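A quick write-up on the structure given underneath.
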Amino acid sequence: MEKRVFRTEVGGRPLVIEYGAIAEQANAAVLVRYGETVVLVTATGTREPREGVDFFPLRVDYEERQYAAGRIPGSFFRREGRPSERAILSARLIDRPIRPLFPKGYRNEVQIIATVLSYDGDNAPDITSIIGASAALSISDIPFDGPIGGVMVGLVDGRFVINPVSEEVDRSDLELVVAGTKDAVLMVEAGANEVPEEKIIEAIQFGHEEIKKLVAWQEEIVREVGKPKMPFTPPQIDPELEAAVSEWARPRMREALLAQEKQEREERRLALRQEAHALFDERFPEKAADIDAVLDETEKKVMRRLIVDEGIRVDGRGPKDIRPIWCEVGILPRTHGSGLFTRGQTQVLTVAALGAVSDRQIIDSLGDEEFKRYMHHYNMPPYSTGEVRPIRSPGRREIGHGALAERALLRMLPPEDEFPYTIRLVSEVVSSNGSTSMGSVCGSTLALMDAGVPIRRPVSGIAMGLIKEDDKVEILSDIQGIEDHLGDMDFKVAGTEKGVTAIQMDIKIHGLDVDILRRALEQAREGRLYILQKMLEVLPAPRSHLSPYAPRIIVMRIHPDKIRDVIGPGGKTINKIIAETGVQIDIEDDGRVFVSGPAEGSERAQEMIRQLTKEVAPGEIYLGKVTRLVSFGAFCEILPGKEGLVHISQLANERVPTVEDVVNVGDTIMVKVTEIDSLGRINLSRKEALKQVPDAEAKESRKRAGARV
């Protein structure tokens, strides 16, 4: 197959798509080059629908290869294993904007695989992969209503930047990924440093202008090399069955949906379905799946019409109403901090754990980040929705929700030099009926404040929904599960009283215009500030003290050249300090020393390290320990690893016949540093020390070895 090369420019850097020379057995494959970042994206689909499924079986895999950055994996096997959290989040980032653009009712399996082959550290492979997935699907014969584009928008020194490089990202107040078609926005993902809502809208508009150019460029590519799309006819339901079931179900469905409690509503919906099958299964044999499909569509229409025509939600609330909220803190006595946040039937318990510097997470992934000092993990066990199923390792949803809550709080944490702790938050969803990720944000703020973490400002979050029927649009605050499932948007917004810290928006229709987004953000601001007020009624500020069960950390600074003195040969010195004091010691290359443990042990270890790294100076007086004797004097250790010579003439005020007449090995004596010669040798005098220090001989007998006068 002939290779075709297509070029454009994004963010001032070349973007190249190569088609036709690689992975020819996939439905379509493109090699995307952005700077020196290279990603192979393939799109493969089956010719027949997958049997027995009532959903679209789309799978997106994002494969990081360590060789892309010139590395060898750090695992025992020295090969890539399970996807990293970053890879899972990148796969979700690709999935979310393309999923709504497949035909309704499409049941053929589709798989997108993005393999990162080269990474230059500046041009993000996940953004590159979004463009590659769109191009591959658009060129292929798989039905897809694209193309789409995706960019990151940064806010650097007050100006918007498309696809900022790593140095700009470090200085940016905003990291906003936006994807969409030429007409509308499909997906937004952002972390922000309390950016105002209007600035967020401007950033989305700024990014969408670049998306329009990317879509137009891909449309040219499709015209040149695109394949005809394979025929697809949506599954048809017998019109007689559809009319009969829908007419029967409509009034009954309204009654079932208006039950305010989730459990009662679920029971009514289940009873209605059982009654429908008892009534229609015999009339329409072997059409049980079609009956369920009509019931699903009827339920969706009834719920949506209740909202847009009558302003009534399934639990009786109005569009802006927020479910009852109550909070509690400090409910777990031995943890470092805990917060329980309840909103309606959504309830999240977040627990905070504070650790030493060495408790940081090691990152074995592409990118410059080697460690994480703040981690947020999210768990949603089956009992939270009243289900019975096996508990597995965290799935993509759990990882995504944890990352969103982590992003929402990250910029509000104190810097490491002010609060030198590793922080882990775990959100346990104990009851779920919508918006658990935002419940995690609220519970996490409470847990951090309960733990005494001096956060800059408290953060709250809210999930917004949308119902769009013809020209009627209704934005919903604090959506619950059924409104998320049957609605058109899941828009999560977290922030402080000053501005937004995180956003995640997914659209199930073919996009939204900016005016609707502006309304949604403003309504979200009203809601999250109300929620924040309820949280602060329980705990208005971080506690002034840490839990007695949290480690105490002392931060010291030593000269980097002294690190070897603290560690000692083969770690002998530092291990001795740890064994004697019961603390944990972490040393950074820049000379920062973190001592964590019980208060008494930490203070003792700090003094031992100070003695190890202290510079000896002429004129200073020490209590030293005699280490060996020679005919002309005694060698004395005045600091760990620091020895000097007391000449026999300097041992006492009177003449000394032999060294042993005054001192023996192991004795503690008071000495003064009289000289450090050009070779670094230290000369000491006991005679001078006895003159300067009152009761020196008594102190020699009382003081323990190594103590400073």
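The values are calculated or read from the model by the stated rules, or taken from the named source; none is laboratory data. These figures come from a predicted structure and were not determined experimentally. Heads up, the Cβs are rebuilt from the backbone with ideal geometry, glycines too, and the neighbour counts pull from every protein chain shown.
Can you confirm whether the range 394-412 contains a residue that is touching a helix residue (DSSP H, G or I) at 6+ places or on another chain (Cβ under 7 Å) and surrounded by fewer than 17 Cβ atoms within 10 Å (Cβ to Cβ)?
yes
In the range 263-312, what residues are outside any helix (DSSP H, G or I) and among the charged types (D, E, K, R)?
The answer is Asp281, Glu282, Arg283, Glu286, Lys287.
Out of Asp120, Asp95, which single residue is in a loop (DSSP other than H, G, I, E, B) and either closer than 30 Å to Gln236 by Cα or at pLDDT below 95 (or both)? Step through it out loud before you land on a result.
On the way: Asp95 fails: in a loop (DSSP other than H, G, I, E, B).
Residue meeting the stated conditions: Asp120.
What are the residues in the range 166-177 that are buried (at least 19 other Cβ atoms within 10 Å of the Cβ) and either more than 20 Å from Glu209 (Cβ to Cβ) or among the aliphatic types (A, V, I, L, M) (or both), if any?
Leu174, Leu176, Val177
Quick test of your reading of the structure: Asp450 fulfils all but one of (1) closer than 23 Å to Asp484 by Cβ; (2) surrounded by 19 or more Cβ atoms within 10 Å (Cβ to Cβ). Name the failing condition by number.
(1)
State which residue is surrounded by the fewest Cβ atoms within 10 Å (Cβ to Cβ) when the search covers only the range 64-92 and only residues that are closer than 19 Å to Gly395 by Cα, at pLDDT below 90 and among the charged types (D, E, K, R).
Result: Arg82.
Looking only at the range 235-262, how many residues end up being under 29 Å from Ile142 (Cα atoms), in a helix (DSSP H, G or I) and among the hydrophobic types (A, V, I, L, M, F, W, C)?
Of the residues in that region, 0 qualify.
For the range 216-259, enumerate the residues that are among the aromatic types (Phe, Trp, Tyr) and assigned by TED's automatic domain parsing to the domain that holds Phe280.
Trp248
Whether any residue in the range 612-635 is outside any loop (DSSP other than H, G, I, E, B), free of Cβ contacts under 8 Å to residues at least 60 places away in the same chain and under 22 Å from Pro694 (Cβ atoms) is what I want to check.
Among the residues of the range 612-635, not one is outside any loop (DSSP other than H, G, I, E, B), free of Cβ contacts under 8 Å to residues at least 60 places away in the same chain and under 22 Å from Pro694 (Cβ atoms), which makes the answer no.
Only residues that are farther than 26 Å from Glu416 by Cα and touching a strand residue (DSSP E or B) at 6+ places or on another chain (Cβ under 6 Å): list them for the range 536-555, please.
Val538
Please state which one of Lys703, Lys672, Lys691, Lys699 is touching a helix residue (DSSP H, G or I) at 6+ places or on another chain (Cβ under 8 Å) and either surrounded by 15 or more Cβ atoms within 10 Å (Cβ to Cβ) or modelled with pLDDT under 90 (or both).
One residue alone meets the criteria, Lys672.
Which of (1) polar (S, T, N, Q); (2) within 29 Å of Gln111 (Cα to Cα); (3) within 20 Å of the chain's Cα centre (by Cα) is the odd one out, the single condition Ser138 does not satisfy?
(3)
How about the range 205-234: which of its residues are under 13 Å from Ile139 (Cβ atoms) and either in contact with a helix residue (DSSP H, G or I) (Cβ under 7 Å, 6 or more places away or on another chain) or basic (Lys, Arg) (or both)?
Passing the criteria: Gln218, Ile221, Val222, Arg223, Val225, Gly226, Lys227, Lys229.
Could you grab me the full set of residues in the range 1-32 that are over 20 Å from Glu219 (Cβ atoms) and under 31 Å from the mean Cα position of the chain (by Cα)?
Correct list: Gly11, Gly12, Arg13.
In the range 32-88, which residues are farther than 30 Å from Ala288 by Cβ and acidic (Asp, Glu)?
Glu36, Asp61, Glu63, Glu64, Glu80, Glu85
If you check Asp61 against the conditions, is it surrounded by 19 or more Cβ atoms within 10 Å (Cβ to Cβ), of a type in the set (Asp, Glu), touching a strand residue (DSSP E or B) at 6+ places or on another chain (Cβ under 8 Å) and under 27 Å from Glu189 (Cβ atoms)?
Values: surrounded by 19 or more Cβ atoms within 10 Å (Cβ to Cβ): no; of a type in the set (Asp, Glu): yes; touching a strand residue (DSSP E or B) at 6+ places or on another chain (Cβ under 8 Å): yes; under 27 Å from Glu189 (Cβ atoms): yes.
Considered against the rule, which asks whether it is surrounded by 19 or more Cβ atoms within 10 Å (Cβ to Cβ), of a type in the set (Asp, Glu), touching a strand residue (DSSP E or B) at 6+ places or on another chain (Cβ under 8 Å) and under 27 Å from Glu189 (Cβ atoms), Asp61 comes out as no.
Each row is one residue, and each column tells you yes or no for (1) in contact (Cβ under 8 Å) with a residue 24 or more places away in the chain; (2) of a type in the set (Gly, Ala, Ser).
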position	(1), (2)
Ala21	no, yes
Val41	yes, no
Glu63	yes, no
Gln66	yes, no
Pro83	no, no
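What number of residues within the range 163-222 satisfy the criterion of being in contact (Cβ under 8 Å) with a residue 24 or more places away in the chain, in a helix (DSSP H, G or I) and of a type in the set (A, V, I, L, M, F, W, C)?
Adding up the residues that qualify gives 12.
Just checking, which of Thr128, Thr46, Thr42, Thr115 is part of a strand (DSSP E or B) and closer than 27 Å to Phe371 by Cα?
Of the residues listed, the single one that is part of a strand (DSSP E or B) and closer than 27 Å to Phe371 by Cα is Thr115.
I'm checking my understanding of the structure. Among residues of the range 1-19 that are among the charged types (D, E, K, R) and free of Cβ contacts under 8 Å to residues at least 24 places away in the same chain, which one is surrounded by the fewest Cβ atoms within 10 Å (Cβ to Cβ)?
Result: Glu2.
Hey, can you tell me all the residues within the range 332-347 that are part of a loop (DSSP other than H, G, I, E, B) and surrounded by fewer than 24 Cβ atoms within 10 Å (Cβ to Cβ)?
Result: Leu332, Pro333, Arg334, Thr335, Gly344, Gln345.
Does Ser134 satisfy the condition of being of a type in the set (Ser, Thr, Tyr), touching a Pro at 6+ places or on another chain (Cβ under 6 Å) and over 24 Å from His401 (Cα atoms)?
Against the criterion (of a type in the set (Ser, Thr, Tyr), touching a Pro at 6+ places or on another chain (Cβ under 6 Å) and over 24 Å from His401 (Cα atoms)), Ser134 qualifies.
Conditions (1) closer than 30 Å to Arg686 by Cα; (2) in contact with a Leu (Cβ under 8 Å, 6 or more places away or on another chain), marked per residue:
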{"residue": "Asp586", "(1), (2)": "no, no"}
{"residue": "Asp589", "(1), (2)": "no, no"}
{"residue": "Gly624", "(1), (2)": "yes, yes"}
{"residue": "Val630", "(1), (2)": "yes, no"}
{"residue": "Pro640", "(1), (2)": "yes, yes"}
{"residue": "Ile648", "(1), (2)": "yes, no"}
{"residue": "Arg655", "(1), (2)": "yes, no"}
{"residue": "Val665", "(1), (2)": "yes, yes"}
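Out of the residues in the range 602-661 that are surrounded by fewer than 16 Cβ atoms within 10 Å (Cβ to Cβ) and basic (Lys, Arg), state the one that is nearest to Glu675 (Cα to Cα).
Arg628
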